[in-house]
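In what follows, a single structure is set out as structure tokens and then discussed.
The values are calculated or read from the model by the stated rules, or taken from the named source; none is laboratory data. Small disclaimer: the values here were computed from a predicted structure and weren't measured. Please note: Cβ atoms are built from the backbone with ideal geometry, for glycine as well, and neighbour counts cover all protein chains shown. With ligands, DNA and RNA removed, areas are computed over all heavy atoms of the protein, side chains included. Shrake-Rupley method; radii C 1.70, N 1.55, O 1.52, S 1.80 Å.
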Amino acid sequence: MIAYHSRTTGILCTCFVLFFAACSTPKRGLFTKQTAHEQYASRLTDAGLAGSALGSLWFAAAEKALARPLSITLPYKETGYFAAEKPDAAGYLFPAHRGDVLKIAINGKATGSFKIFADLWQPAAANEKPTLLAAADTTSWTLLHEVKADGRFLLRLQPELLRSGEYTVTITTAPSLAFPVPGSTQPRIGSFWGANRDGGTRSHEGIDIFGKFRTPVISAANGFISSTRENKLGGRVIFLNPDGKPYSLYYAHLDSVLVREGQKVKLGDTIGLMGNTGNARNTATHLHFGIYTNGGAIDPLPFLNRDRPAPAEVTAATALLQHIIRNTSATTLLASPVKNSTLIEKLPANRVMQVMAATGSWYKVTLPDSREGFVESKTVSAQPYKKQLAKNATPLLDAPDTTAAVKITIPAGADMDILGEQGTYRFITYGEQKGWVQL
């Protein structure tokens, strides 16, 4: 594998700064147990490897993944490759809603001994520390995490130093509560949170699930019945407190209540029968389902929504992972693998980049200046676009920079296969050698 990034003084200074920033992160508290990643970082430091060239890059990559993660939307699936000779880490920033359960699955294909450090964080406001939610070191990991408040989450993946391997990460969501009407009865949601009620004088504080008269309604979680009552608005109603949750579930318009106050219930227990009592007496039979907290009602749909798409399968060729490629025509480098996402740069044809991972029909790539983003796989190629003779003896550099190390000198008159460009530099193949020349 060629050396891809510049080793200029500026980059080395950045690595130096990031190294000390990374070294400062493990100490989250005097009695806080270190994660596997933090323990490994400490072992590298104790062994004197943190100050080595590769060790410094490993620490810098760890900090980069937390400080500058790429934004994605869920569901998401990615296959990538970590190369031993180029320490790297991947960071993913994504939103989730209260009531969602995050499911993160990581599977690694080892080349020899290979472990991935995985840690999930809740980013914090400026000048505050992020909250660590879960961590592991493994080649196979599945995490379920219930989202307690709308917000963003950050996942970092990083292998051990000098270890290579392919990985696939899948991030999806699921509802945290069971649906309160059995699926076999074919219920449907017909009215959602926030819909106008009573001519716009109030809004709907829940969802309406329609079904046949006296369809069973069930406990959406283990818990206890905190109240059963009857009122003008909801008719016959039940309040259920799920175990360990800071909210109550509200079932309204029931024809019959089959539980009593204080009764313990299990997930799936029948607690009532659907009807149209209260102000629903002139509507079709339905269950009004709501969730109430100390701060009032919240939208119950994320807690129940079973209609969640699967992530797109990876169709971009994974054979190009870690390869140097070029875009065959003018294209865009985007912040997310979505056509309307934030533009990072408009790339002229034949710009050089390295493939780090594949997601759907996109590649996650790194430019020679270390910027990362996504390009459509159909716009790139790993094949040279022309041949050129070296007019004079030409240094082959390991980076597109005047201070980069010289690998060999290409003799005058030699054939060079040109893959792509970066400013005044060309990335070329000469025999078995690959690198940069200035033409």
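Numerical summary
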{"quantity": "Residue 382 modelled with pLDDT under 95, under 23 Å from residue 83 (Cβ atoms) and open to solvent by less than 40 Å² (accessible area, probe 1.4 Å)", "calculated": "no"}
{"quantity": "Residue in region 103-112 that is most open to solvent (accessible area, probe 1.4 Å), counting only those that are in a strand (DSSP E or B) and farther than 13 Å from residue 158 by Cβ", "calculated": "109"}
{"quantity": "Enumerated strands (runs of 3 or more DSSP E) restricted to region 113-179, each holding at least 3 residues that are open to solvent by less than 20 Å² (accessible area, probe 1.4 Å) and touching a strand residue (DSSP E or B) at 6+ places or on another chain (Cβ under 8 Å)", "calculated": "116-122, 151-159, 164-175"}
{"quantity": "Residues of region 51-66 classified as surrounded by fewer than 19 Cβ atoms within 10 Å (Cβ to Cβ) and either acidic (Asp, Glu) or without any contact (Cβ under 8 Å) to a residue 40 or more places away in the chain (or both), total", "calculated": "3"}
{"quantity": "Matching residues, region 74-100, being touching a Leu at 6+ places or on another chain (Cβ under 7 Å) and either under 16 Å from residue 362 (Cβ atoms) or assigned to a loop (DSSP other than H, G, I, E, B) (or both)", "calculated": "80, 81, 84, 87, 89, 90, 92, 94"}
{"quantity": "Region 222-257, subset more than 19 Å from residue 268 (Cβ to Cβ) and aliphatic (A, V, I, L, M), residue surrounded by the fewest Cβ atoms within 10 Å (Cβ to Cβ)", "calculated": "233"}
{"quantity": "Single residue of region 25-66 satisfying the filter (within 23 Å of residue 92 (Cβ to Cβ) and in a loop (DSSP other than H, G, I, E, B)) that is modelled with the highest pLDDT", "calculated": "35"}
{"quantity": "Matching entry among 146, 166, 205 (being in contact (Cβ under 8 Å) with a residue 40 or more places away in the chain and touching an Asp or Glu at 6+ places or on another chain (Cβ under 8 Å))", "calculated": "146"}
{"quantity": "Residue 433 vs. criteria within 37 Å of the chain's Cα centre (by Cα), at pLDDT 95 or above and open to solvent by 60 Å² or more (accessible area, probe 1.4 Å)", "calculated": "no"}
{"quantity": "Test result for residue 391, charged (D, E, K, R), open to solvent by 40 Å² or more (accessible area, probe 1.4 Å) and free of Cβ contacts under 8 Å to residues at least 24 places away in the same chain", "calculated": "yes"}
{"quantity": "Yes/no for residue 378 being under 30 Å from residue 65 (Cβ atoms) and in contact with a Leu (Cβ under 7 Å, 6 or more places away or on another chain)", "calculated": "no"}
{"quantity": "Region 308-324 residues that are under 20 Å from residue 353 (Cα atoms), paired with ones that are open to solvent by less than 60 Å² (accessible area, probe 1.4 Å) and assigned to a loop (DSSP other than H, G, I, E, B) (beta carbon under 6 Å, 6 or more apart)", "calculated": "315/361; 316/361; 320/382; 322/83; 323/382"}
{"quantity": "Strands (runs of 3 or more DSSP E) (entirely within region 324-409) containing at least 1 residues that are over 29 Å from residue 431 (Cα atoms) and among the aromatic types (Phe, Trp, Tyr)", "calculated": "362-366, 372-376"}
{"quantity": "Candidates 76, 81, 40 - the one that is of a type outside the set (A, V, I, L, M), open to solvent by 30 Å² or more (accessible area, probe 1.4 Å) and touching a strand residue (DSSP E or B) at 6+ places or on another chain (Cβ under 8 Å)", "calculated": "81"}
{"quantity": "Criterion: touching a residue at least 40 places away in the same chain (Cβ under 8 Å) and in contact with a strand residue (DSSP E or B) (Cβ under 7 Å, 6 or more places away or on another chain) - qualifying residue of 301, 233", "calculated": "301"}
{"quantity": "All positions within region 381-398 that are under 14 Å from residue 433 (Cβ atoms) and either within 41 Å of the chain's Cα centre (by Cα) or hydrophobic (A, V, I, L, M, F, W, C) (or both)", "calculated": "384, 390, 396, 397, 398"}
{"quantity": "Any hit, region 278-285, residues being touching a helix residue (DSSP H, G or I) at 6+ places or on another chain (Cβ under 9 Å) and open to solvent by less than 20 Å² (accessible area, probe 1.4 Å)", "calculated": "no"}
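Each row is one residue, and each column tells you yes or no for (1) within 19 Å of the chain's Cα centre (by Cα); (2) open to solvent by 30 Å² or more (accessible area, probe 1.4 Å); (3) at negative phi.
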{"site": "314", "(1), (2), (3)": "yes, yes, yes"}
{"site": "322", "(1), (2), (3)": "no, no, no"}
{"site": "332", "(1), (2), (3)": "no, yes, yes"}
{"site": "346", "(1), (2), (3)": "no, yes, yes"}
